[in-house]
Amino acid sequence: MRLTDTPNSLEMATKATAAVVDFARIYTSLGLGKETIASLQAFRKRNTEAQRLNAQYASQPTTVDFAHYRSVLKNKAVVDEAEKILKEFKPVSYDVGAHLKAIETFEAKAVEKAKETEQKIDVELSELQATLANIEDARPFDQLTVEDVGKAHPRLIEVVETMVKKGKWTVPGYKEKFGDLNLM
């Protein structure tokens with residue numbers, strides 16, 4: 001079945017698609033930028049307003065009962081003139097190319113932002129996988145040596161050497177945290 005098979009099929013397909021999209025989840029889970037979220041929300045607002053107006057105007061009658069007005073009004077020439085004007089009326093056609101171009105530009109920006117977000121997520125995911133692999137491959141704590149800790153954090157070696165040179169044999173805050181374990 002194609003979308004053109006029924007008169008309201010495009011409208012129904014649009015509503016079905018809009019009902020399926022969970023925008024709140026998209027905003028939070030994809031890590032979109034503030035600018036992208038604001039653009040999406042503005043687009044949703046305009047779309048909702050356009051759908052509301054379309055439904056409002058579609059529910060209004062489109063025919064004019066001139067016979068009723070002839071029977072009610074005394075001046076039938078006014079009704080005849082109105083009927084003539086209505087029959088001669090031809091809607092003005094607008095070039096929607098500019099609007100379509102704006103929509104395409106917005107879509108291109110949205111796709112570009114989505115690709116940037118995808119790349120950021122891919123980088124972050126690879127970093128997290130590398131961190132996880134590092135954690136899994138790390139030696140257990142009880143197998144570490146002082147040299148291993150010194151290689152990982154050279155600042156610790158400097159601090160200990162400075163404390164030894166100054167004759168400080170206690171670590172500041174150790175007694176407060178763990179208590180004094182001296183028996184004498």
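The values are calculated or read from the model by the stated rules, or taken from the named source; none is laboratory data. Computed from a prediction, not measured in an experiment: that's the story for all the values here. Please note: Cβ atoms are built from the backbone with ideal geometry, for glycine as well, and neighbour counts cover all protein chains shown. The protein model used for the area step is the full one, side chains on, heavy atoms only, and it has no ligands, DNA or RNA in it. Shrake-Rupley method; radii C 1.70, N 1.55, O 1.52, S 1.80 Å.
Residues whose amide H falls under 5 Å from that of Leu30, counting only those 5 or more places apart or on a different chain, are absent, with hydrogens built in the peptide plane.
Across segment 46-67, the residues whose backbone nitrogen lies under 20 Å from the label position 7 Å along the beta-carbon direction of Val78 are 64-67. In the context of the full set of protein chains, residues of the chain present 92 Å² of accessible surface per residue (probe radius 1.4 Å, heavy atoms only).
Accessible area per residue was computed with a 1.4 Å probe on protein heavy atoms; Glu158 scores about 100 Å². Taking Cα centre as origin and charging only the Cβ of basic (Lys, Arg, +1) and acidic (Asp, Glu, -1) residues, the dipole magnitude of the chain rounds to 840 debye. For segment 135-184, the share of accessible area belonging to carbon and sulfur comes to 61 percent (1.4 Å probe, ligands and nucleic acids excluded).
Comparing Cα centroids, segment 138-166 and segment 36-90 end up 81 angstrom apart.
Taking Lys and Arg as +1 and Asp and Glu as -1, the other residues whose beta-carbon sits under 15 Å from that of Lys74 total 0.
Within segment 42-184, the proportion of Cα pairs with more than 23 Å between them is 75 percent.
Per residue of the chain, the DSSP helices (runs of n ≥ 4 H) give a summed -39500 (n - 2.57) that works out to -23000 deg cm²/dmol at 222 nm. Taking label points 7 Å from Cα along the Cα-to-Cβ direction, Thr62 and Asn134 give a separation of 6.6 nm. With a ≥ b ≥ c taken as the square roots of the eigenvalues of the C-alpha gyration tensor of segment 97-161, please select rounded if a/c is under 1.5 and otherwise prolate if a/b is larger than b/c or oblate if it is not? Taking the square roots of the gyration eigenvalues as a ≥ b ≥ c, segment 97-161 is prolate.
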